[in-house]
1. From the phi of every residue in the range 43-55, what ³J(HN,Hα) in whole Hz does the Karplus formula 6.51 cos²θ - 1.76 cosθ + 1.60 yield, where θ is phi - 60° and glycine or proline is x?
2. Could you point to the residue in GLY107, LEU178, GLY91 farthest towards the positive end of the chain's charge dipole, with +1 and -1 charges on the Cβ of Lys/Arg and Asp/Glu respectively?
3. Mind listing the phi-derived Karplus ³J(HN,Hα) values for the range 66-80, rounded to whole Hz, using 6.51, -1.76 and 1.60 with θ = phi - 60°, and x for any glycine or proline?
4. Restricting to Cα pairs below 8 Å that are 6+ residues apart, what does the relative contact order work out to for the chain? Please round to a whole percent.
5. Please list, or write none, the lysines whose alpha carbon is within less than 29 Å of the alpha carbon of LYS13, excluding same-chain residues fewer than 8 places away.
6. Identify which of HIS24, HIS139, HIS175 has the largest mean-square fluctuation in a Gaussian network model of the chain, with springs joining Cα atoms closer than 10 Å.
7. Counting only protein chains, not ligands or nucleic acids, how are LYS210, LYS188 ordered by accessible area (probe 1.4 Å), most first?
8. Could you report the range 1-151's accessible area per residue, 1.4 Å probe, as an integer in Å²?
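The values are calculated or read from the model by the stated rules, or taken from the named source; none is laboratory data. Keep in mind the model is a prediction, meaning the values are calculated, not measured. Please note: Cβ atoms are built from the backbone with ideal geometry, for glycine as well, and neighbour counts cover all protein chains shown. When the accessible area is computed, the model is the full protein with side chains, heavy atoms only, and any ligands, DNA or RNA have been set aside. Shrake-Rupley method; radii C 1.70, N 1.55, O 1.52, S 1.80 Å.
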Amino acid sequence: MFTLEEKLGYRFKNRALLENALQHSSYANEHRGAGMRSNERLEFVGDAVLGVVTADYLYKKHPDLPEGDLTRIRAALVCEQSLYEVAQKLGLGQYLKLGRGEEQGGGRCRPSILADATESVFAAVYLDGGMDAASDLIHRVLLDKEREEVVEERRRDYKTELQELVQRRSGQVLHYELTGTSGPDHAKQFTFRVTLNGRELGQGTGRSKKEAEQSAARSALAQWNEQ
């Protein structure tokens with residue numbers, strides 16, 4: 001746990017909070033007789049703390065943006081993918097306590113589990129050190145310049161951009177086609193290609209079909225702009 005505290009940049013006074021933040025419900029269920037608790041209650045608190053800190057950050061950073069834009073940016077910043085990436089950066093997967101079935105099923109790498117654990121860790125820091133400590137951590141690992149650039153990139157709708165570009169000419173037909181899947185169920189990757197009038201424009205992969213289609217459209221736009 002000392003190594004994780006180093007990564008977090010925070011030393012716990014009550015380390016039991018951090019340990020609880022890393023206990024998945026599958027582990028708690030298998031050790032119910034020992035009074036183990038899952039991190040679900042901490043996840044509940046962490047979600048609220050993250051929401052407040054992120055809203056405060058965006059309100060101050062973007063004084064001219066309307067409520068709708070602030071809401072969309074916040075949603076992208078605190079989405080499962082963003083929290084999963086934070087967990088990867090911190091190496092949370094290696095510290096998780098999972099039940100045997102979840103362990104064997106690849107739970108240590110499952111995005112939803114890691115994202116929930118990230119929120120639970122935020123809550124543990126909040127309960128141990130207060131809002132300032134939690135805010136400092138959230139700013140360090142999530143609300144930085146690089147992260148906002150990633151979020152802005154995610155907000156772009158490449159499929160719509162490509163469709164609008166293609167529609168400048170009449171009689172154009174765009175088509176997205178699933179060409180393959182790979183990886184285990186907990187980390188499935190989809191591959192799509194996009195064609196224009198039967199000619200391939202680009203390919204892309206993603207953790208969902210929607211994400212893969214967007215990736216293919218992005219590739220197609222890049223090739224289109226190079227022509």
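1. Calculated HN-Hα couplings, in order: 4, 4, 5, x, 4, 5, 4, 4, x, 5, 5, 5, 4 Hz.
2. Final value for the positive-end residue is LEU178.
3. x, 4, x, 5, 4, 5, 5, 5, 4, 4, 6, 5, 9, 5, 4
4. Dividing the mean separation by the residue count of the chain yields 18 percent.
5. Within the straight-line limit of under 29 Å, LYS13 reaches these lysines: LYS89, LYS97.
6. Among HIS24, HIS139, HIS175, the largest mean-square fluctuation in the Gaussian network model of the chain belongs to HIS175.
7. Heavy-atom accessible area, descending, gives LYS210, LYS188.
8. Accessible area per residue, the range 1-151: 50 Å².
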